[in-house]
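K.L.:
Before we start, here is the structure in question, set down as structure tokens.
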Amino acid sequence: TTSLTSSAQSTPVTSSSALSVLSASAAFAPPLLLSAQISNDGLRMIVFFDSSTDRGGSKIEKYDGSFKCHKLLSFERDTQSDCVWLADNQVQVTFAASDRNVVVGDTVSIRQKSLRSGFCATSSSCEYSPSTSFVLVLAPSQPVLPTPAVTASREISACDDIIVDPTNSIGSGGRSWASVQWFVEFTSVPSGT
């Protein structure tokens, strides 16, 4: 039991906790995938592990910056996606511009011999995370809703083609639209035609 005195109130604060001391040769359990969730805008994915990792230090040269995700994880288009560690148990995936990025229900797994416990710097008996485990990709918690933005000429002559451009629309999550529906409504005939 530890007793501390709070300087603000001058009253003793007590806490109790257990401390275990392990030998330098103790084996640490390898981190496992906990979850993978697509960001609200659909352009990224956050992958969580159940414990502190070595950030792929044995496989990734500069793991303190951005690196190609295929060095650590396996998922659709992992060779084109960039990863960066947000914490010892959390990595952010930024998808490449593509129509074939990860979708809800896809799988994410750890590459063979790429990740160990974050305590492995002091232990030579650390195991790598199993490459056989995987998680299913979860949907965004609050996805950005699609917002159509259509541009067209205000006036055209009788022989001109009508060109409608929807490319400024947002909310596709960096993927092709699942479906697009166009509705044309006739409102009136201009006078003099």
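K.L.:
Mind listing whichever residues of the range 62-110 are touching a strand residue (DSSP E or B) at 6+ places or on another chain (Cβ under 7 Å) and of a type in the set (K, R)?
P.N.:
The one that is touching a strand residue (DSSP E or B) at 6+ places or on another chain (Cβ under 7 Å) and of a type in the set (K, R): K68.
K.L.:
With V144, V150 as the choices, which residue is touching a Pro at 6+ places or on another chain (Cβ under 6 Å) and surrounded by fewer than 16 Cβ atoms within 10 Å (Cβ to Cβ)?
P.N.:
Details: V144 fails: touching a Pro at 6+ places or on another chain (Cβ under 6 Å).
Of V144, V150, the one residue that is touching a Pro at 6+ places or on another chain (Cβ under 6 Å) and surrounded by fewer than 16 Cβ atoms within 10 Å (Cβ to Cβ) is V150.
K.L.:
Any residue that is surrounded by 12 or more Cβ atoms within 10 Å (Cβ to Cβ), modelled with pLDDT under 80 and assigned to a loop (DSSP other than H, G, I, E, B) - is there at least one of those in the range 121-130?
P.N.:
Yes, because at least one residue in the range 121-130 is surrounded by 12 or more Cβ atoms within 10 Å (Cβ to Cβ), modelled with pLDDT under 80 and assigned to a loop (DSSP other than H, G, I, E, B).
K.L.:
Sort through S114, S129, S109 and tell me the only one that's among the polar types (S, T, N, Q), over 24 Å from D41 (Cβ atoms), in contact with a Pro (Cβ under 6 Å, 6 or more places away or on another chain) and in contact (Cβ under 8 Å) with a residue 40 or more places away in the chain. I'd like the intermediate steps shown before the answer.
P.N.:
Numbers: S114 fails: in contact with a Pro (Cβ under 6 Å, 6 or more places away or on another chain); S109 fails: in contact with a Pro (Cβ under 6 Å, 6 or more places away or on another chain).
The match here is S129.
K.L.:
Are there any pairs with C-beta distances below 8 angstrom linking a residue in the range 162-175 that is part of a strand (DSSP E or B) to a residue that is surrounded by 10 or more Cβ atoms within 10 Å (Cβ to Cβ) and of a type outside the set (V, I, T), with the two at least 6 apart or on different chains, and if so which?
P.N.:
V164/A152; D165/A152; I170/P146; I170/A149
The values are calculated or read from the model by the stated rules, or taken from the named source; none is laboratory data. Everything numeric in this text was worked out from a predicted model, so none of it was measured. FYI the Cβ positions are ideal-geometry reconstructions off the backbone, even for glycines, and counts take in every protein chain you see.
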